[in-house]
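The values are calculated or read from the model by the stated rules, or taken from the named source; none is laboratory data. This is a predicted model, so every value here is computed, not measured. Don't worry about glycine lacking a Cβ; one is built from the backbone with ideal geometry, like all the others, and counts go over all protein chains shown.
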Amino acid sequence: MEEENQSAPAFMYDVVCIDKHGAEKWRECVHNLVTTTGKTDIVDKYFKGSAYSAAWYMGLKSSGTAVIGDTLASHSAWTEVTPYSGNRLAITFGTTSGGSNTSNMVSFSLNTTATIAGAFICSASSGTSGILYSATDFSVARSVASGDTLNVTPTVSVS
């Protein structure tokens, strides 16, 4: 029997930064890394039937590379950046079809200048006690300014 490299359901992040005048500053579409805790969570929830959380949230990360061993409580190469007010933003998924589901657009209204180098998806709206499922690094760290809007549309797929 031939072995295939099987991955966990993975995300593609479509990211667009709009300035305060409505002009597009930059755009990037990036694939994610699924953490070990994310993969373990899938197996526990789906195959073992453990209780699961239907709530998922998006946060933004500083420069530094995400690695498979990162958790929400421990990701030493990067930190969370919050150039916006409030908690991480909720993700609402649509209808799954053909092994793929595109969520609503998550819109961060930025209120300070910052450097953003990626994004992540987790099961906690704040704090470090949740599942860090996915993290991604942009091709380069990006500058954002107060008044910008960062629109992120995550699509999860199994393929």
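With respect to the conditions (1) at pLDDT 95 or above; (2) part of a loop (DSSP other than H, G, I, E, B); (3) more than 25 Å from Lys20 (Cβ to Cβ), Gly130 lacks only one, and its number is (1). You will find that of Ser123, Ser134, the residue that is among the small types (Gly, Ala, Ser), out of contact with any Leu (no Cβ under 6 Å at 6 or more places or on another chain) and surrounded by fewer than 23 Cβ atoms within 10 Å (Cβ to Cβ) is Ser123 and no other.
Could we say that Tyr133 is in contact with a helix residue (DSSP H, G or I) (Cβ under 7 Å, 6 or more places away or on another chain) and of a type outside the set (Val, Ile, Thr) here? Considered against the rule, which asks whether it is in contact with a helix residue (DSSP H, G or I) (Cβ under 7 Å, 6 or more places away or on another chain) and of a type outside the set (Val, Ile, Thr), Tyr133 comes out as yes. Looking at the structure I just gave you, is Ala51 modelled with pLDDT under 90 and either closer than 22 Å to Thr155 by Cβ or surrounded by fewer than 16 Cβ atoms within 10 Å (Cβ to Cβ) (or both)? Yes, satisfied. Which of the residues belonging to region 22-60 are free of Cβ contacts under 8 Å to residues at least 12 places away in the same chain, under 26 Å from Ile116 (Cβ atoms) and hydrophobic (A, V, I, L, M, F, W, C)? Ala23, the sole residue that qualifies. Criterion applied to Trp78, Trp26 was being part of a strand (DSSP E or B), at pLDDT 90 or above, out of contact with any Phe, Trp or Tyr (no Cβ under 6 Å at 6 or more places or on another chain) and over 16 Å from Ile131 (Cα atoms), and the one residue passing it is Trp26.
Evaluate region 145-152: report whether one residue or more is among the hydroxyl-bearing types (Ser, Thr, Tyr), over 20 Å from Ile68 (Cα atoms) and in contact with a Cys (Cβ under 9 Å, 6 or more places away or on another chain).
Yes, region 145-152 contains a residue that is among the hydroxyl-bearing types (Ser, Thr, Tyr), over 20 Å from Ile68 (Cα atoms) and in contact with a Cys (Cβ under 9 Å, 6 or more places away or on another chain).
Residues in region 107-125 that are over 20 Å from Phe93 (Cα atoms) and either touching a Cys at 6+ places or on another chain (Cβ under 9 Å) or without any contact (Cβ under 8 Å) to a residue 60 or more places away in the chain (or both): 9 in all.
For first residues located in region 1-21 and closer than 26 Å to Ser103 by Cα and in a loop (DSSP other than H, G, I, E, B), partners that are modelled with pLDDT of 95 or more and among the acidic types (Asp, Glu) and lie 6+ apart or on another chain with Cβ distances below 7 Å form the pairs Asp19/Asp148; Lys20/Asp148.
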